[in-house]
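S.K.: Below: one structure in structure tokens.
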Amino acid sequence: MIARAAEVKEHKAVVTGCSSGIGLATALMLREHGWTVIPTARKDRDLDMLRGHGIEPVRLDLADSASVRAAADEILAGWHGHIGAIVNNAGLGQPGAIEDLSREAMRYQFEVNVLGMQELTNRFIPIFRRQGYGRIVNVSSVLGRVSLPSMGIYSASKFAVEAVSDALRVELRDSGVTVSLIEPGPIATAFGANAIRLGKYNLTPERSVFAEVYRHRLFHPEKRSGREEAFRRPPEVVAKAILHALTSPRPRTRYKVTVPAYAGALAARFAPDWFLDWLMWRRMVNRLRE
């Protein structure tokens with residue numbers, strides 16, 4: 001007989017992408033609420049930082065299948081094959097117009113945000129099924145509902161996260177395992193700075209018809225508009241939504257975080273394509289004037 005989620009108290013969670021921002025805030029918040037947490041990170045300095053917080057991390061590079069397998073094996077060995085939840089937060093954002101991106105850049109975007117995420121999750125699903133309980137929380141984005149020019153391949157990866165999560169939720173129905181999506185809007189994290197570094201590495205602005213867009217926005221983060229900053233929220237608001245998805249007897253399928261996330265979901269559902277196209281075009285033009 002499958003145990004109901006509310007009856008099982010396996011408060012052990014893996015949280016990926018804990019070098020800063022949402023992942024770190026989530027790991028710390030879960031620990032404050034009595035959870036045993038294994039955070040993951042790629043770099044030595046980030047692993048050391050997590051140890052400084054009193055949490056023993058696991059090294060994980062989602063773009064490397066061998067690293068995914070090794071991390072899953074290490075986690076399961078340390079917890080004797082028992083785990084209550086996985087929070088798939090790790091990800092990156094490749095900026096740039098679609099026509100300016102190489103196949104390698106687009107593949108890397110999907111390797112991290114989609115394929116690595118699901119490969120790791122698939123290592124834990126048999127455990128969840130056997131114990132009759134598990135929580136899978138995938139951190140998506142408002143850009144998984146509305147595609148943004150100059151971030152199109154990132155949006156595509158988050159659309160894929162949404163699709164995978166929707167299918168997985170049905171496949172796991174009646175197993176005791178829940179799947180929730182977190183859809184943040186603008187959050188005060190290092191995501192933007194990391195995206196800019198990735199853009200500088202993979203883009204050649206002088207060869208692009210979007211060179212002016214890149215100069216204004218991708219390579220000058222200090223030019224964010226006041227409207228944009230007004231809606232930005234700290235990562236703890238996302239961590240709070242994740243905590244609810246992990247602890248509620250009836251977790252939601254989707255958690256929208258920040259006003260732009262609600263607006264984006266409404267626009268995706270009700271606005272005609274021509275209006276969204278015009279709105280995104282005006283947004284791009286207005287940003288060049290700022």
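The values are calculated or read from the model by the stated rules, or taken from the named source; none is laboratory data. Fair warning: this is a prediction, and the values are worked out from it, not measured in the lab. Glycine also receives a Cβ, built like all others from the backbone with ideal geometry; neighbour counts cover every protein chain displayed.
S.K.: What about SER165, is it surrounded by 21 or more Cβ atoms within 10 Å (Cβ to Cβ), out of contact with any helix residue (DSSP H, G or I) (no Cβ under 6 Å at 6 or more places or on another chain), modelled with pLDDT of 95 or more and among the small types (Gly, Ala, Ser)?
M.R.: Answer is yes for this residue.
S.K.: Quick check on my filter: what residues within the stretch 15-68 are basic (Lys, Arg), out of contact with any Pro (no Cβ under 8 Å at 6 or more places or on another chain) and over 16 Å from LEU120 (Cβ atoms)?
M.R.: Matches in the stretch 15-68: ARG31, LYS43, ARG45.
S.K.: Restricting attention to the stretch 116-152, which residues are within 20 Å of VAL15 (Cα to Cα), in a loop (DSSP other than H, G, I, E, B) and within 14 Å of the chain's Cα centre (by Cα)?
M.R.: SER140, SER141
S.K.: Taking the stretch 82-115, which residues are closer than 14 Å to ILE38 by Cα and either touching a Cys at 6+ places or on another chain (Cβ under 9 Å) or part of a loop (DSSP other than H, G, I, E, B) (or both)?
M.R.: HIS82, ILE83, GLY84, ASN89, ALA90, listed by residue number.
S.K.: Need pairs with beta-carbon distance below 6 Å; first residue free of Cβ contacts under 8 Å to residues at least 12 places away in the same chain and within the stretch 141-169, second part of a helix (DSSP H, G or I) and polar (S, T, N, Q); sequence gap 6+ or separate chains.
M.R.: Filtered contacts from the stretch 141-169: no entries.
S.K.: Then there is this: Name the residues in the stretch 60-115 that are among the charged types (D, E, K, R) and more than 14 Å from the chain's Cα centre (by Cα), would you?
M.R.: ASP61, ASP64, ARG69, ASP73, GLU74, GLU99, ASP100, ARG103, GLU104, ARG107 - these are the residues of the stretch 60-115 that are among the charged types (D, E, K, R) and more than 14 Å from the chain's Cα centre (by Cα).
S.K.: Could you pull out the residue among VAL37, VAL15 that is in contact (Cβ under 8 Å) with a residue 60 or more places away in the chain, buried (at least 19 other Cβ atoms within 10 Å of the Cβ) and β-branched (Val, Ile, Thr)?
M.R.: None of the others qualify; the one that does is VAL15.
S.K.: Please verify whether VAL285 is closer than 29 Å to ARG135 by Cβ and either out of contact with any Lys or Arg (no Cβ under 6 Å at 6 or more places or on another chain) or β-branched (Val, Ile, Thr) (or both), treating the condition exactly as stated.
M.R.: Considered against the rule, which asks whether it is closer than 29 Å to ARG135 by Cβ and either out of contact with any Lys or Arg (no Cβ under 6 Å at 6 or more places or on another chain) or β-branched (Val, Ile, Thr) (or both), VAL285 comes out as no.
S.K.: Checking the condition farther than 24 Å from SER140 by Cβ, out of contact with any strand residue (DSSP E or B) (no Cβ under 6 Å at 6 or more places or on another chain) and modelled with pLDDT of 95 or more, which residue from ASP73, ASP61 passes?
M.R.: Within the list ASP73, ASP61, the selection yields ASP73.
S.K.: Among the candidates SER175, SER165, SER155, which residue alone is of a type in the set (Gly, Ala, Ser) and outside any helix (DSSP H, G or I)?
M.R.: SER175
S.K.: May I ask you to list the residues in the stretch 242-283 that are of a type in the set (Gly, Ala, Ser), in contact (Cβ under 8 Å) with a residue 24 or more places away in the chain and either crowded, with 19+ Cβ neighbours inside 10 Å or in a loop (DSSP other than H, G, I, E, B) (or both)?
M.R.: Those that are of a type in the set (Gly, Ala, Ser), in contact (Cβ under 8 Å) with a residue 24 or more places away in the chain and either crowded, with 19+ Cβ neighbours inside 10 Å or in a loop (DSSP other than H, G, I, E, B) (or both): ALA245, ALA261, GLY264.
S.K.: In addition: Being under 16 Å from LYS200 (Cα atoms) and surrounded by 15 or more Cβ atoms within 10 Å (Cβ to Cβ) narrows it down to one of ALA90, ALA85, ALA105, ALA70, so name that one.
M.R.: Selected residue: ALA105, the only one of ALA90, ALA85, ALA105, ALA70 that is under 16 Å from LYS200 (Cα atoms) and surrounded by 15 or more Cβ atoms within 10 Å (Cβ to Cβ).
S.K.: Restricting attention to the stretch 164-193, which residues are farther than 20 Å from VAL237 by Cβ and not charged (D, E, K, R)?
M.R.: Across the stretch 164-193, the qualifying residues are VAL164, SER165, ALA167, LEU168, VAL170, LEU172, SER175, GLY176, VAL177, THR178, VAL179.
S.K.: Go through (1) closer than 22 Å to HIS244 by Cβ; (2) crowded, with 20+ Cβ neighbours inside 10 Å for ARG173 and report which single condition fails.
M.R.: Here ARG173 meets the rest and fails (2).
S.K.: From the set of residues in the stretch 181-213 that are part of a helix (DSSP H, G or I) and polar (S, T, N, Q), which is surrounded by the fewest Cβ atoms within 10 Å (Cβ to Cβ)?
M.R.: ASN194
S.K.: Does the stretch 30-54 hold any residues that are of a type in the set (Gly, Ala, Ser) and outside any strand (DSSP E or B), and which are they?
M.R.: Residues satisfying the conditions are GLY34, GLY52, GLY54.
S.K.: Is one or more of the residues making up the stretch 49-56 farther than 21 Å from THR189 by Cα and in contact (Cβ under 8 Å) with a residue 24 or more places away in the chain?
M.R.: no
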